[in-house]
Amino acid sequence: MSQLKSMATKERKILVGVDEGEESAYALSWCLNNVVTEHSKDTLVLLYVTPPHVVYSALDGTGYLFSQDIIASMDRYRKEVAETVIDKAKLLCKHLQNVKVETRVQIGDPRDVICEVAEKMSVDMVVLGSHGYGLIKRAFLGSVSNHCVQNCKCPVLIVKRPKNVATTSTT
């Protein structure tokens, strides 16, 4: 924790991964309460990563072909979800006065996108929530936080929500 306090004396750029889950909302709240200070001139980057389009062809045997209307509808839904997640995250940050809040929405695999954005933006720290998957689920689903810890070139702070703590709803 002393490294976090010493980092508070300089201007920092902190990337926080946000998604639809309570875990990321808890991680953002924890970051706002324990890392970002009112007197700092930090920049907080809220990053939401939406999955890429799944492309099916008639040749792959699935038999799925989507009309342009369906694809447009799926795109609108993805955009609405992204806007909702970002709005909810910005609402948690509304009390910050000296902290600049930036938002980014990217398309791709969250594991890769978070690392790429962190490097491109030269962030000082990445903050992520943890779903708390066990070994089996992590093996099948992959762990975004584990991948980022292994591949980001800056410190990665993983915040795990205690089982007995509920996140405060902002909606």
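The values are calculated or read from the model by the stated rules, or taken from the named source; none is laboratory data. The model shown is predicted, which means the values in this text are computed figures rather than measured ones. For neighbour counting, all protein chains shown are included, and Cβ atoms are generated from backbone atoms with ideal geometry for every residue, glycine included.
Could we say that Val85 is within 24 Å of Cys148 (Cβ to Cβ) and more than 12 Å from the chain's Cα centre (by Cα) here? Reasoning before the result, please.
Numbers: within 24 Å of Cys148 (Cβ to Cβ): yes; more than 12 Å from the chain's Cα centre (by Cα): no.
So Val85 fails the test.
Pairs needed: first member in the stretch 114-130, touching a residue at least 12 places away in the same chain (Cβ under 8 Å); second member anywhere, buried (at least 21 other Cβ atoms within 10 Å of the Cβ) and among the polar types (S, T, N, Q); C-beta distance under 8 Å; at least 6 residues apart or different chains.
Going by the 8 Å Cβ cut-off, the qualifying pairs are Leu128/Ser24; Leu128/Ser145; Gly129/Ser24; Gly129/Ser145; Ser130/Ser145.
Can you name the condition, by its number, that Glu102 falls short on among (1) in contact with a Ser or Thr (Cβ under 9 Å, 6 or more places away or on another chain); (2) outside any helix (DSSP H, G or I); (3) modelled with pLDDT under 95; (4) not aromatic (Phe, Trp, Tyr)?
Result: Glu102 fails condition (3) only.
If a residue has to be within 15 Å of Leu44 (Cβ to Cβ) and either of a type in the set (Gly, Ala, Ser) or in contact with a Lys or Arg (Cβ under 6 Å, 6 or more places away or on another chain) (or both) to count, how many in the stretch 93-117 make the cut?
Qualifying residue count for the region: 1.
Which of the residues belonging to the stretch 51-98 are at pLDDT below 90 and of a type in the set (A, V, I, L, M)?
Listed by number, the residues that qualify are Val54, Val55, Ala58, Leu59, Leu65, Ile70, Ile71, Ala72, Met74, Leu96.
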